[in-house]
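The values are calculated or read from the model by the stated rules, or taken from the named source; none is laboratory data. On a predicted model such as this, the values are computed, not experimentally measured, just so you know. When we count neighbours, we look across all protein chains shown, and the Cβ atoms used for this are built from the backbone with ideal geometry, even at glycine.
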Amino acid sequence: MSSVLFLSGKGGTGKTTLAGAFAALSKEKILVDCDVDAANLHLLLEPSIVEQGEYEGSKTAVKNDDRCTACNRCREVCRFNAIGEDLSIDEYLCEGCGACAFACPAKAIELVPRVSGTWMIAETRLGPLASAELDPGEETSGKLVMHVKQKANALSEKLKIDRLVIDGAPGIGCPVIASVSGVDAVVLVTEPTLSGLHDLRRILDVVKHFDIPAHLVINKADLSPDVTERIRSFAEQNQLPVLGEIPFDRRVTEAMVEGRSIVEDDRSAASEAIEGIFERCAKGGIL
Amino acid sequence: MRITVASGKGGTGKTTVAVNLALACSDEHPIQFLDCDVEEPNAHLFLEPSTERRRSVEKLLPRIDPDLCDSCGACSQACEFNAIAVLGGTGLVYDELCHGCGLCRMVCPKEAIREIPHELGVIESGIARGFPFAQGVLNIGEAMATPIIHELKKEAETGRLVIVDAPPGTGCPAIAAIHGSDLALLVTEPTPFGLHDLKAAVGVSRAVGVPAAVVINRDGIGDDRVERYCEDEGIPVLLKISFDREIASLCAQGKPLVDSMPSWRNRYRELHHQMLEVVS
């Protein structure tokens, strides 16, 4: 089994562009979209859904107002400020812990399962895809990511395909941590901005914290040569191998608008750079 | 009045818009800036605030006294987050799964559980360019960003135009930032990814009942589907920022546009006036 996960800390640096390109360049593989907040990989793949289901990842407290005696106990025990002065429950603040239900002497509150998203398995021209979409405002993105990974692993066993190309989420919190666990390698995608460098430091610390080998790609490298140079020296100081640099290329967006990966299009500066990065990954045993 | 600058997709320019809006408005209004992207806070790179106060944001973690615990399993059964297992005659707590709700302590018949504070991150507050600035910073390896965002929002001062820089996405951190705002200013780009994630962000703002308006960044790089979507949904597009290498280069170096290109100061002020109209 080899699995490679694209992460970045900062959003919009090109994770999905690279994951989509790897999808096109890599032979037998399963594609996994672990950015359940803003899943975009499918937009390059024209998927046809084979299987899908609702994901009930959490619960929410529901109050029966006929039973409520307005004793205020629920509000006192709730640590998430989900119960207002009028003792109504704010479903977006409720974490579904059940403390209020336990504390209620009138048994007016119960926890009910809550659909927090939809998972799906799809066929695409570049291989099978496991992904999910979180419902707006749901709080179980980490659990939904775990669920997508389980679906992908089951698919990998069933189809006897042991290579996973995984698109990750921005940030360093819950969904990112859920996506990192158990992968063989992480490719960090950054861009030459101060924000890109700042966020690279933090995501690298997270990846190191979980002891996963990390590699770096600098996207849009020619947009700010000074900052690119700073990123190169940061990588050197931190023993972070640089797989390659991709020049800014309008063709990347044009290919996206047409629903294709950049490497499926006519050759361009960006596609050549990405092919080089892919070859170095293959030679280095990363994928 | 609180305006939250948000987006479904990451990297669309939330921080750039929030910072420039703050600087353009700060001459005319008392403002305050809250960087709620606690996983990757970046506004400080542009605004270079002082840090005058730093406070810890904690969750409470249960600790089980093995001498008092009779391994009845009540805590483990009650925990909705599978954060406690009963093993070897006592309960074992998985700290990273715990939400710190305190239910285990409430249900323990032996009063064997006490709680200890555990730092999730910090809130740093100070002054940037003459106005109050605060940011949350999630500690490395911690999963829970929302408690820090909720705590950070308590810094909001009444009587100020509070500009909130939100995290990307549509999950709980984004909701925590947008919840209770007067307006969600959604920054997107005119690409299929931008459109897809804008729809999700509009879904979030509608779910929490916050009116939405749109800024299209890097205008010209893609197609017109974002604009058509906004028109169909009746969502006002208040500003378009053309893709321009000079703008990209200034942003890359952490330089606010309104400082080096004065015409942008007026455009951002105009954006503010339009937002006031949307809210009223």
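List the residue pairs whose Cβ atoms are under 6 Å apart, where the first residue sits in the stretch B:138-166 and is of a type in the set (S, T, N, Q), the second is part of a helix (DSSP H, G or I), and the two are 6 or more positions apart or on different chains.
Every condition considered, the pairs that remain are B:Thr146/B:Cys172; B:Thr146/B:Pro173; B:Thr146/B:Ala176.
May I ask you to say which residue of A:Glu95, A:Glu91, A:Glu138, A:Glu46 is charged (D, E, K, R), within 14 Å of another protein chain (Cβ to nearest Cβ) and more than 29 Å from B:Glu151 (Cβ to Cβ)?
It is A:Glu46.
Please find, within the stretch A:57-73, the residue that is farthest from the chain's Cα centre (by Cα) out of those that are β-branched (Val, Ile, Thr) and not in a loop (DSSP other than H, G, I, E, B).
The residue in question is A:Val62.
If you take just the helices (runs of 4 or more DSSP H) that sit entirely in the stretch A:225-287, which of them hold at least 3 residues that are in the same structural domain as A:Leu25 (by TED's automatic domain parsing) and among the polar types (S, T, N, Q)?
The helices (runs of 4 or more DSSP H) meeting that bar are A:225-237.
Quick one: in the stretch B:153-172, of everything that is at pLDDT 95 or above and within 12 Å of the chain's Cα centre (by Cα), which residue is nearest to A:Glu133 (Cα to Cα)?
Restricting to residues being at pLDDT 95 or above and within 12 Å of the chain's Cα centre (by Cα), the top hit is B:Pro168.
So, in the stretch B:1-25, how many residues would count as being part of a helix (DSSP H, G or I) and of a type in the set (Gly, Ala, Ser)?
Of all residues in the stretch B:1-25, those part of a helix (DSSP H, G or I) come to B:14-25.
Add one more test, that the residue is of a type in the set (Gly, Ala, Ser), and what stays is B:18, B:22, B:24.
Number of matching residues: 3.
When you check A:Glu51 against the structure, is it over 19 Å from the mean Cα position of the chain (by Cα), assigned to a strand (DSSP E or B), surrounded by fewer than 18 Cβ atoms within 10 Å (Cβ to Cβ) and outside the structural domain of A:Ser156 (by TED's automatic domain parsing), yes or no? First the steps, then the outcome.
Details: over 19 Å from the mean Cα position of the chain (by Cα): yes; assigned to a strand (DSSP E or B): yes; surrounded by fewer than 18 Cβ atoms within 10 Å (Cβ to Cβ): yes; outside the structural domain of A:Ser156 (by TED's automatic domain parsing): yes.
Considered against the rule, which asks whether it is over 19 Å from the mean Cα position of the chain (by Cα), assigned to a strand (DSSP E or B), surrounded by fewer than 18 Cβ atoms within 10 Å (Cβ to Cβ) and outside the structural domain of A:Ser156 (by TED's automatic domain parsing), A:Glu51 comes out as yes.
Does B:Pro109 fit the bill of being within 14 Å of chain A (Cβ to nearest Cβ), over 33 Å from the mean Cα position of the chain (by Cα) and not acidic (Asp, Glu)? Before you say what the answer is, go through the steps one by one.
Values: within 14 Å of chain A (Cβ to nearest Cβ): yes; over 33 Å from the mean Cα position of the chain (by Cα): yes; not acidic (Asp, Glu): yes.
When the stated conditions are applied, B:Pro109 passes them.
Only one residue in A:Ser179, A:Ser195 is more than 9 Å from chain B (Cβ to nearest Cβ), crowded, with 24+ Cβ neighbours inside 10 Å and of a type in the set (Ser, Thr, Tyr). Which one? Reasoning before the result, please.
Working: A:Ser195 fails: more than 9 Å from chain B (Cβ to nearest Cβ).
Answer to the selection: A:Ser179.
Just to check your reading of the model, which residue among A:Glu236, A:Glu258, A:Glu272, A:Glu245 is within 14 Å of another protein chain (Cβ to nearest Cβ) and without any contact (Cβ under 8 Å) to a residue 60 or more places away in the chain?
When all the criteria are applied, what remains is A:Glu258.
Name the residue, out of A:Ala235, A:Ala214, that is within 21 Å of the chain's Cα centre (by Cα) and aliphatic (A, V, I, L, M). It would help to see each step written out before you state the result.
Values: A:Ala235 fails: within 21 Å of the chain's Cα centre (by Cα).
It is A:Ala214.
Return the residue satisfying two criteria in turn: it lies in the stretch A:1-30 and is in contact with a Phe, Trp or Tyr (Cβ under 9 Å, 6 or more places away or on another chain) and part of a strand (DSSP E or B), and of such residues it is surrounded by the most Cβ atoms within 10 Å (Cβ to Cβ).
A:Phe6
Would you say A:Glu76 is touching a residue at least 24 places away in the same chain (Cβ under 8 Å), part of a helix (DSSP H, G or I) and charged (D, E, K, R)?
Judged against the criteria, A:Glu76 is a match.
Here are A:Val207, A:Val217, A:Val227: which of them is crowded, with 22+ Cβ neighbours inside 10 Å, aliphatic (A, V, I, L, M) and within 19 Å of A:Ser271 (Cβ to Cβ)?
The match here is A:Val217.
For the stretch A:119-135, name all the residues that are assigned to a strand (DSSP E or B), touching a helix residue (DSSP H, G or I) at 6+ places or on another chain (Cβ under 9 Å) and away from every other protein chain (no Cβ under 11 Å).
Across the stretch A:119-135, the qualifying residues are A:Trp119, A:Met120, A:Ile121, A:Ala122, A:Leu129, A:Ala130, A:Ser131, A:Ala132.
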